[in-house]
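No value in this document is a laboratory result; all are computed from the given coordinates. Note that the structure is predicted; figures quoted are calculated from it, not measured. Glycine gets a Cβ as well: all are built from the backbone with ideal geometry, and neighbour counts include every protein chain shown.
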Ligand SMILES: NC(=O)c1ccc[n+]([C@@H]2O[C@H](COP(=O)([O-])OP(=O)(O)OC[C@H]3O[C@@H](n4cnc5c(N)ncnc54)[C@H](OP(=O)(O)O)[C@@H]3O)[C@@H](O)[C@H]2O)c1
């Protein structure tokens, strides 16, 4: 992180709900200057917010230039905005649906990274919010798993191009957000057995709420900087090695 007499400064995507909103709230409480964007906008006091559809690549650069006009450096960027898509067989997933998920989970992040590159001001740490789905390849997670696997490679590739920025693709573990409403209530657990693990965890400490998950993400940031820039890290490897081993061995 840059050490300066000024407040630490962050930019977070997807601050209207879930993990992104909780990260924004947590950093504001810690005295950071926080900038955020999403389509719905962020309701939190203290967050400098600019409603923006991050898949609209033609408009994003102007929106970011406006949002971050007074900022001379970013200590932390969290590329968190994302979408799940439908849990279904890949063979039955319309290509347009898979592309829509890729647009927000992958290409929107390229748009933001390219803007940061052109912006040219110091950016200390970038966290791209990935998922265990990027490597687990569970039945039904088609478009989402593909997009997060590609995101892991996006992190690795930009690490070559932004040598002064530390980049991590970070799986945050399971979190009780709007995404879980669909996974735990609507999707078909008979057809897609990996859903049962989520349903069993909901309501327990294994599935924290967004506020607790945000604290956990922020707690591992210093340790992430010890890994090579561009790495994929599942947070459970650091915070819960037993759960990590069980997840990736089964
Ligand atoms: N929940 C989990 O268990 C879990 C596990 C692993 C990884 N993740 C990852 O964590 C991240 C946050 O997810 P969440 O669980 O917090 O879900 P969420 O509550 O649905 O939040 C998703 C955020 O992304 C924003 N977003 C989606 N499409 C957008 C677009 N086109 N332009 C701008 N913003 C957009 C949404 O804002 P608007 O709708 O207002 O645009 C919202 O703020 C995602 O990348 C997800 O893949 C979640």
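Based on this model, can you work out whether residue 109 counts as within 13 Å of the ligand (Cβ to nearest atom), more than 25 Å from residue 240 (Cα to Cα) and in contact with a strand residue (DSSP E or B) (Cβ under 9 Å, 6 or more places away or on another chain)? Taking the combined requirement at face value, the residue satisfies it. Of all residues in the stretch 175-197, those satisfying the criterion of being in contact (Cβ under 8 Å) with a residue 40 or more places away in the chain, more than 16 Å from residue 86 (Cβ to Cβ) and within 10 Å of the ligand (Cβ to nearest atom) are 175, 177.
For residue 142, the criteria (1) crowded, with 18+ Cβ neighbours inside 10 Å; (2) touching a strand residue (DSSP E or B) at 6+ places or on another chain (Cβ under 8 Å); (3) under 26 Å from residue 240 (Cβ atoms) hold in every case but one, which is (3).
I'd like to check something: does the stretch 198-206 contain any residue that is touching a residue at least 40 places away in the same chain (Cβ under 8 Å) and surrounded by fewer than 18 Cβ atoms within 10 Å (Cβ to Cβ)? Steps first, please.
Start the filter on the stretch 198-206 by keeping residues that are touching a residue at least 40 places away in the same chain (Cβ under 8 Å), which leaves none.
Taking every residue of the stretch 198-206 in turn, none turns out to be touching a residue at least 40 places away in the same chain (Cβ under 8 Å) and surrounded by fewer than 18 Cβ atoms within 10 Å (Cβ to Cβ).
Among the residues of the stretch 157-168, are any assigned to a strand (DSSP E or B) and over 15 Å from the mean Cα position of the chain (by Cα)?
Yes - at least one qualifying residue is present in the stretch 157-168.
Rundown of residues vs (1) within 28 Å of residue 209 (Cβ to Cβ); (2) in contact (Cβ under 8 Å) with a residue 60 or more places away in the chain, yes/no style:
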{"site": "100", "(1), (2)": "yes, no"}
{"site": "116", "(1), (2)": "no, no"}
{"site": "119", "(1), (2)": "no, no"}
{"site": "128", "(1), (2)": "yes, no"}
{"site": "136", "(1), (2)": "yes, yes"}
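What do you reckon, is residue 101 within 16 Å of residue 128 (Cα to Cα), in contact with a helix residue (DSSP H, G or I) (Cβ under 9 Å, 6 or more places away or on another chain) and not in a strand (DSSP E or B)? Yes.
If residue 188 satisfies every condition in (1) more than 20 Å from residue 247 (Cβ to Cβ); (2) under 17 Å from the mean Cα position of the chain (by Cα) but one, which is the exception? Unmet for residue 188, out of (1) more than 20 Å from residue 247 (Cβ to Cβ); (2) under 17 Å from the mean Cα position of the chain (by Cα): (2). Tell me, yes or no, whether the stretch 56-63 has at least one residue that is surrounded by 23 or more Cβ atoms within 10 Å (Cβ to Cβ) and touching a strand residue (DSSP E or B) at 6+ places or on another chain (Cβ under 9 Å). No.
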